[in-house]
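One structure is given here, and the rest of the page talks about it.
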Protein chains: 2
Amino acid sequence: MTHLAAVMATALLIVSVPASGAAPFERGRTLAEQGDAARGIVACAGCHRADGGGDEALGAARLAGLEPAYLATQIERFRAGQRSHPVMSPWAERLTPVDIAAVSAYYGALAPASNARAPSDVDAAAGRALAETGDWPERDLPACVRCHGPGGVGAGAVFPPLAGQPYSYLLAQLQAWGTGRRHGEPMALMGAVAGRLDADEQRALAAYFATRPLAVADPADDLPDPSPPPATASVSTPAMTVAGANAVVPEHLGAVPAGRAEAASRFTPPSRDALPEGPLGEMVRLGARLFRHTNTDPRSAPHVGNDQTCAGCHLDNGRRADASPMWAAWVAYPAYRGKNQRVDTMAERIQGCFRYSMNAQDSVSGQVPETNGLVLDALQSYIFWLATGAPTGDTAMSGRGYPRLQPPAEGFDRTRGAALYAEHCALCHGAEGEGLLVDGEVVFPPLWGPRSYNWGAGMHRVDTAAAFIAANMPLLDTVRLTPQEAWDVAAYINAHERPQDPRFDGSVERTAARFHASPFDLYGEPLGVDGAVLGQGVAKD
Amino acid sequence: MTHLAAVMATALLIVSVPASGAAPFERGRTLAEQGDAARGIVACAGCHRADGGGDEALGAARLAGLEPAYLATQIERFRAGQRSHPVMSPWAERLTPVDIAAVSAYYGALAPASNARAPSDVDAAAGRALAETGDWPERDLPACVRCHGPGGVGAGAVFPPLAGQPYSYLLAQLQAWGTGRRHGEPMALMGAVAGRLDADEQRALAAYFATRPLAVADPADDLPDPSPPPATASVSTPAMTVAGANAVVPEHLGAVPAGRAEAASRFTPPSRDALPEGPLGEMVRLGARLFRHTNTDPRSAPHVGNDQTCAGCHLDNGRRADASPMWAAWVAYPAYRGKNQRVDTMAERIQGCFRYSMNAQDSVSGQVPETNGLVLDALQSYIFWLATGAPTGDTAMSGRGYPRLQPPAEGFDRTRGAALYAEHCALCHGAEGEGLLVDGEVVFPPLWGPRSYNWGAGMHRVDTAAAFIAANMPLLDTVRLTPQEAWDVAAYINAHERPQDPRFDGSVERTAARFHASPFDLYGEPLGVDGAVLGQGVAKD
């Protein structure tokens, strides 16, 4: 077991049995408040403050309320030279694994606190667009909150809170990643992110998150706030600039991932600032909100029976080419669908998403949203707006759906897929495919089990999932799977149980023959635990 | 009373009291079968045959089963020199008014018969497109069947049957109109029509109608027949050629009517031949059918409570610019509508048409079509297809809706409107606004009374109706109203009772205040018979 692994195991043990953790907690408190002069260990509180809320003037991070495993990992990174700081580096060198676990447990148990503030000469609101929506079309840059949780409050032990971190600390870290001084995190995510931001953007983002509340109050929308009024020019600046001259741009940037189609000129949906005025604009805004918060918004949540949202698959809130962008879908409906053996309107197509991908059968209402109701009208208004200017009836828009993959010459292998999943997917989606929610908001959607899409959803098919993965996963393009790897990992994911197909007629065999007769469909195959036939379904927890 | 009026009055009397009409009928039979050698009157049957089915070789018209008033009028036209024929002209001169009424009554009472056939060297199918859909975009040429009834079986006493008339007769008449030898019909309609057809088109149309059945079997669709397979090049030829060099083109052709907007480059919906393949194409075809036969097709008829169709207002089956073309509507929805005070999807907008313009409250079902049902899905598929290539979200397409008229400086006057209506509108829509149906198919929609649009329809507003009329009425552009005339005639039409507003709450006064507070809305005004307040509604007959 590596040193780091030992530390994390200890930390997890402490967290999971807090009652018996009084001794480590007290040891952590002592180190935090007093240090250990004999060993040359300074008190944490000297810089991070007694409440653990960090220090703006010193650039010291907020620690209070952070995940102990995250804190322990960071101390280990200082020890490993992946982070560097004149005080922290020697301090970390002097700690034992037990010290690390103790002090991590102590700060993790403190009530969240923050002493952050943004400097008066930086407009905190200017960072909102990049933080909440990123800049995917231009720079393959997902929103910060896509990993760091709604409002940047943090997501699990890997993605720490940004909200309430001191401005000076956040800015220093972005600069350290951008120049390579800080490194070593999984899949080199933050190096890539920081390398795509210019100095103004780094400041704007640091200021934005420094001033965010520590807990999710009202999760942000995908569009600029209607009030206070849309920001001045400084808001749009970040999204329009490109990575600065002194930014480190990873070599692979600019290469097109295996599954993504190269497109010289692609359709561009309207700017998020360009909402229609009046009631239609309000409906578009509501639709954008439901698209992102489908499972939590009180209007759509009664129809969602799992932990999925529209935006979970339709990336960049339905804007992203090669991730089933909604602008390409709008102009292609009504359309005949072999799945339903009928011509579906857009309203009916969206109801299909609720029925299958969002498993409406296990929702509070048990039903998909009604056709003329607010939910479907708002979603259609949003999708219609995204398609502004797109030619009606064009079923071949560049970027529609996902680029289809050739069937793999040697088939697919879920055992190979399991290893790939552990290496590249589990970080976000969880070792058991359980995904990650923060305050009910989906950060990483569950990929199997009772909270995932059901056996009738398009994504349960290996070919569909492989195509999506090849073009889009992992979310940031620092790692790209080959087509074969995408097939394998898709097979692994879809060889797990999930909620029953709503078309189930009481017999897996009959349902398999009727709706799942494809070599890319594992429903009805003996691939479950101990060779069980897949398609039993799993009940909602 | 003029000679013609006397003849028609006699003819109408005969038709309305057939039991006591035995003497005139017998007199007519004698003239028809034997003539009156003493007066130099040859027997009709000599040329028109004993069954009255006409004679192809002689170019003699089919008379059997035609409206007596129409027949009488034609004899009068021979007498007046508006028609000319070496046999008919002297023959007609020798008849008394009583003779004319008698022989007209006789042939009108015969069972419809036809001895027509098309020559072997003319493709009868080639005339279908012009006959069934006309060529409005290029030549302001409505479909023949638009006035002559479904399949050309005739419509009332003004628009005679074309179906089953000998090819030779039909072609001779088109040539006579085109050169001005035949004239005198109301509003110079046929002179204008024939003048816009070239010789090939005239032959194709004559052959098409010569071979049509005498009664409406299955009314034609707006699109080419799916079987036999879509025609060869000869079908599309008529719609693509322009008036030949020897055609008489009325001087006013090319002028833009008062209410029609000039547009350098207008959107063009897809050709009727360019249907999508497969199930979507079938849905588009069904939608086109429902659009035209809304009140009779068994799928949509249960939701239509009057004698209206989509195509009655949306001319050229939803294609015609400045007549609320559906291609412009598709890309503009979802949209906020002040009428509903909500954002409506296209499905909801169409339901609004059923609720108001088609008065669903008095229909068999009492309901508008359900949103996910076949009727609305098919109509949406058709409208979507019409918009192929139109830019999503473009709410300013040239030709959308109708060009709005300025409010008239001196108001509008329904008394002046009554005179204009009698002169220009009653010919088709009837002296009492009752419209005209043939075998249930709407030829001319009723404009008021129980079979018209209700008090909630957009068309009941004087400004809306005036704009529609100024741009589009009369159907053929041989007569155009000034904007002031359009306002006056719209006021006359909409100062009549019609089915109640579905939003009626029991009080005309309250309903007027709530939904009709506009100077262009006569609901609630004391303009009815004997000063009665309008808005009482009229019950379905």
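Within the range A:384-396, being open to solvent by 20 Å² or more (accessible area, probe 1.4 Å) and touching a residue at least 40 places away in the same chain (Cβ under 8 Å) holds for A:THR388, A:GLY389, A:PRO391, A:GLY393, A:ASP394, A:THR395. Count of the range B:352-383 residues, restricted to those that are of a type outside the set (A, V, I, L, M, F, W, C), surrounded by 24 or more Cβ atoms within 10 Å (Cβ to Cβ) and more than 8 Å from every other protein chain (Cβ to nearest Cβ), is 5.
Okay, residues lined up against (1) of a type in the set (A, V, I, L, M, F, W, C); (2) in a helix (DSSP H, G or I); (3) open to solvent by less than 40 Å² (accessible area, probe 1.4 Å):
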residue	(1), (2), (3)
B:ARG83	no, no, yes
B:PRO86	no, no, no
B:PRO90	no, yes, no
B:ASP99	no, yes, yes
B:ALA105	yes, yes, yes
B:GLY108	no, yes, yes
B:ALA111	yes, no, no
B:ASN115	no, no, yes
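Any chance you could count how many residues in the range A:130-149 are within 30 Å of A:SER398 (Cβ to Cβ), part of a helix (DSSP H, G or I) and either out of contact with any Lys or Arg (no Cβ under 8 Å at 6 or more places or on another chain) or open to solvent by 30 Å² or more (accessible area, probe 1.4 Å) (or both)? Counting residues in the range A:130-149 that are within 30 Å of A:SER398 (Cβ to Cβ), part of a helix (DSSP H, G or I) and either out of contact with any Lys or Arg (no Cβ under 8 Å at 6 or more places or on another chain) or open to solvent by 30 Å² or more (accessible area, probe 1.4 Å) (or both) gives 8.
One residue alone among A:PRO474, A:PRO407 is part of a loop (DSSP other than H, G, I, E, B) and either open to solvent by 20 Å² or more (accessible area, probe 1.4 Å) or in contact with a strand residue (DSSP E or B) (Cβ under 6 Å, 6 or more places away or on another chain) (or both), and that residue is A:PRO407. Considering A:GLY154, A:GLY180, A:GLY164, the condition of being open to solvent by 30 Å² or more (accessible area, probe 1.4 Å) and on the phi > 0 side of the Ramachandran plot is satisfied by A:GLY180 alone.
Conditions tested, residue by residue: (1) closer than 20 Å to A:GLY435 by Cβ; (2) of a type in the set (A, V, I, L, M, F, W, C); (3) without any contact (Cβ under 8 Å) to a residue 12 or more places away in the chain; (4) outside the structural domain of A:PHE209 (by TED's automatic domain parsing).
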{"residue": "A:ASP135", "(1), (2), (3), (4)": "no, no, no, no"}
{"residue": "A:PRO142", "(1), (2), (3), (4)": "yes, no, no, no"}
{"residue": "A:GLY149", "(1), (2), (3), (4)": "yes, no, no, no"}
{"residue": "A:VAL153", "(1), (2), (3), (4)": "yes, yes, no, no"}
{"residue": "A:LEU162", "(1), (2), (3), (4)": "no, yes, no, no"}
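Restricting the first member to the range B:359-380 and to residues that are in the same structural domain as B:ARG349 (by TED's automatic domain parsing) and over 20 Å from A:PRO369 (Cα atoms), and the second to residues that are of a type in the set (Lys, Arg) and surrounded by fewer than 16 Cβ atoms within 10 Å (Cβ to Cβ), the beta-carbon pairs closer than 9 Å and six or more apart or on different chains are B:ASN359/B:LYS540; B:ASP362/B:LYS540.
Table: residues versus (1) open to solvent by less than 30 Å² (accessible area, probe 1.4 Å); (2) at pLDDT 95 or above; (3) assigned to a strand (DSSP E or B); (4) assigned by TED's automatic domain parsing to the domain that holds B:GLY318.
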| residue | (1), (2), (3), (4) |
| --- | --- |
| B:GLY449 | yes, yes, no, no |
| B:ASN454 | yes, yes, no, no |
| B:THR464 | yes, yes, no, no |
| B:PHE468 | yes, yes, no, no |
| B:THR478 | no, no, no, no |
| B:ILE493 | yes, yes, no, no |
| B:GLU497 | no, yes, no, no |
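Assess whether A:ALA243 counts as being open to solvent by less than 40 Å² (accessible area, probe 1.4 Å) and either among the polar types (S, T, N, Q) or modelled with pLDDT of 95 or more (or both). So A:ALA243 does not fit the description; no. Summed over the range A:275-308, residues that are open to solvent by less than 20 Å² (accessible area, probe 1.4 Å) and among the hydroxyl-bearing types (Ser, Thr, Tyr) total 2.
What about A:PRO219, is it assigned to a loop (DSSP other than H, G, I, E, B) and within 18 Å of the chain's Cα centre (by Cα)? Give the derivation first.
On the way: assigned to a loop (DSSP other than H, G, I, E, B): yes; within 18 Å of the chain's Cα centre (by Cα): yes.
When the stated conditions are applied, A:PRO219 passes them.
Report yes if B:PHE515 is open to solvent by 10 Å² or more (accessible area, probe 1.4 Å), over 30 Å from B:ALA188 (Cβ atoms), of a type in the set (Phe, Trp, Tyr) and touching a helix residue (DSSP H, G or I) at 6+ places or on another chain (Cβ under 8 Å), otherwise no. Taking the combined requirement at face value, the residue does not satisfy it.
Restricting attention to the range A:333-348 and to residues that are more than 7 Å from chain B (Cβ to nearest Cβ) and surrounded by 19 or more Cβ atoms within 10 Å (Cβ to Cβ), the residue that is farthest from A:THR371 (Cα to Cα) turns out to be A:TYR333. Do we find that A:LEU189 is open to solvent by 20 Å² or more (accessible area, probe 1.4 Å), closer than 20 Å to A:ALA116 by Cβ and part of a helix (DSSP H, G or I) in this structure? When the stated conditions are applied, A:LEU189 does not pass them. Among the residues of the range B:271-286, which ones are in a loop (DSSP other than H, G, I, E, B) and either among the acidic types (Asp, Glu) or closer than 16 Å to B:PHE444 by Cα (or both)? B:ASP273, B:GLU277 - these are the residues of the range B:271-286 that are in a loop (DSSP other than H, G, I, E, B) and either among the acidic types (Asp, Glu) or closer than 16 Å to B:PHE444 by Cα (or both). Any residue in the range A:416-431 that is part of a loop (DSSP other than H, G, I, E, B) and more than 10 Å from chain B (Cβ to nearest Cβ)? Yes, there is a match, as at least one residue in the range A:416-431 is part of a loop (DSSP other than H, G, I, E, B) and more than 10 Å from chain B (Cβ to nearest Cβ).
Suppose the filter is surrounded by fewer than 24 Cβ atoms within 10 Å (Cβ to Cβ), facing another protein chain (nearest Cβ under 10 Å), touching a helix residue (DSSP H, G or I) at 6+ places or on another chain (Cβ under 8 Å) and within 21 Å of B:PRO276 (Cα to Cα); does A:ALA329 pass it?
Values: surrounded by fewer than 24 Cβ atoms within 10 Å (Cβ to Cβ): yes; facing another protein chain (nearest Cβ under 10 Å): no; touching a helix residue (DSSP H, G or I) at 6+ places or on another chain (Cβ under 8 Å): yes; within 21 Å of B:PRO276 (Cα to Cα): yes.
So A:ALA329 does not fit the description; no.
The values are calculated or read from the model by the stated rules, or taken from the named source; none is laboratory data. It should be emphasised that the depicted structure is a prediction, and the values quoted were computed from it without experimental measurement. All Cβ positions, even for glycine, are placed from backbone atoms using ideal geometry, and neighbour counts span all protein chains on display. The protein model used for the area step is the full one, side chains on, heavy atoms only, and it has no ligands, DNA or RNA in it. Shrake-Rupley method; radii C 1.70, N 1.55, O 1.52, S 1.80 Å.
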